[in-house]
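The values are calculated or read from the model by the stated rules, or taken from the named source; none is laboratory data. For clarity, every value in this text was computed on a predicted model and none was experimentally measured. A quick note on method: Cβ atoms are made from the backbone with ideal geometry, for glycine too, and the neighbour counts reach across all protein chains shown.
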């Protein structure tokens, strides 16, 4: 008897379900995508026991007729494709025709659907992939799919599910993602009797971000606007025919927002939720030298393009895509984010507590996100990504420094007012037969008029941007380490070491590009002994060392002689600096590009040559640092990603003093 046999439909369906249905959130994803493809504008998701006991998705989409409702549970049945050519330009979220039969194979499923044209709807019930009943029912237009007892017939898969809270967090994260991608639709997620997410349709993406994340997150984001890039026309195109166009919009966080994982990065291609390594690389590259290497930003990005430019038929879960012009897409996303941050120059703000309690949000206006924010931040773990070429830093125009840096003054105006009067309470009440209470001295309520005057409107600006750096006036130092400066938009605190580090970092890169690095020769060469691995790394990067201002050469066995070093590096730091550069090379530089290597060397040299903390500075030196920092391309962060300046805004100061 032969060894090869055809699997039964029952086994084949369960294998297919294993590819499509990984956990309860996978079911919600497939059902939500079908609802969105059906044109639904109001979607409701009900969950019980983390999705094990119940998952129900209700929509007001186009619905299905009786025959279509039955045919939808056949393998590879779909209404979204008809020809193999359609695979080249898929415009719908779902298309494989495997979701419903795969879900029905591992659950007890009920489908209730009705089209607007029909007077009655259809109710289909299945269990373990077997049809139990199909009957007419009085239903509202739309579709309701109820999934109960997920994996009831696959105990091995059911026991590998996580806790109810973890599975619920996956579902909440998924629904949150799709609510961000479709701000014009209503989403309502319920866990039992509790609302987890309830958002109403809005016109702008900014409003949906506020609904989901709140004002605090929104204040830390930079709007990308709508970025556009047109690709060259494909070979064989007609004369005058334009190439495909890519549009990018969304929000990215200021460099001060630093996450410990990639779970706060939300990516959509043609409104499809994806996990794309290419775009993750582009985002990481855009923040190169702006945030620490082990940290990640918050990003909400929507990339729209012609359906033929992206292949979504890569994985059964439809979360992986391939771009026809991958390199161009990578560079477009990277440059768009980088240039927007350079133009906005967002400043890090000093955390300020709220003086007055905020009113409670209206029902349906905000997500009760606090219960699940921590779980949601830990449910999208991505594989480690390899390093990518860093973003180039195009030059930026330098704002002119005004001749006079005068700041607005606070004025106190005394105004005559009425004499304070005493406000006594009414006489105390006594009961019959009781002793009168002892006299109580009532509290004095002095109504003192406000004689401080009002703060003139329009006297200050509150931009929250580092574009105001040229206007800052240094006031002094804090602990000989931080420069305190005043500006029209508030009080600033600048870390003198990292500020000088950013100035020197960009200076080293400019001189390296121009081939004229400043060096200082040593009276006597410094001999540095190397380990075998360090010797190999030195041989690999010796040219770059010389290009940034070092002059060195081999001197005997595993020893190099350093004859010159970059300007500003102290003699006592030369040997330590060489070791730091080579140690970086041992662990990281073998997999980095040449640009990464140059930036790493420049950052290390700048860190050693920069002004240290606990260093007193006079007014002229502080002013020089502020002026030089304002002329840099990226004054937000040092090359290692630490913030350079913190701003205590004028509005926050006035609010703290109860003036507004």
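General remarks:
- Listed by position, the helices (runs of 4 or more DSSP H) contained in the stretch 519-635 that have at least 1 residues being closer than 30 Å to residue 469 by Cα are 594-609, 619-630.
- Subset of the stretch 246-271 that is on the phi > 0 side of the Ramachandran plot and surrounded by 20 or more Cβ atoms within 10 Å (Cβ to Cβ) - its residue that is farthest from the chain's Cα centre (by Cα): 270
- Residue in the stretch 588-601 that is at pLDDT below 90, out of contact with any helix residue (DSSP H, G or I) (no Cβ under 9 Å at 6 or more places or on another chain), surrounded by fewer than 21 Cβ atoms within 10 Å (Cβ to Cβ) and closer than 27 Å to residue 620 by Cα present: no
- A count restricted to the stretch 218-257 and to residues that are at pLDDT 85 or above and in a loop (DSSP other than H, G, I, E, B) stands at 5.
- Residues satisfying the stated conditions in the stretch 26-51, i.e. outside any helix (DSSP H, G or I) and crowded, with 22+ Cβ neighbours inside 10 Å: 40, 43, 45, 47
- Selection from the stretch 261-295 of residues that are closer than 13 Å to residue 321 by Cα and in a helix (DSSP H, G or I): 277, 278, 279, 280
- Residues that are surrounded by 17 or more Cβ atoms within 10 Å (Cβ to Cβ), modelled with pLDDT under 95 and over 16 Å from residue 70 (Cβ atoms), drawn from the stretch 108-131: 128
This table checks each residue for (1) touching a residue at least 40 places away in the same chain (Cβ under 8 Å); (2) surrounded by fewer than 17 Cβ atoms within 10 Å (Cβ to Cβ).
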residue: 293; (1), (2): yes, yes
residue: 298; (1), (2): yes, no
residue: 311; (1), (2): no, yes
residue: 334; (1), (2): yes, no
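- Checking each residue in the stretch 463-518 for being in a strand (DSSP E or B) and under 28 Å from the mean Cα position of the chain (by Cα) picks out 465, 490, 491, 492, 493, 494, 495.
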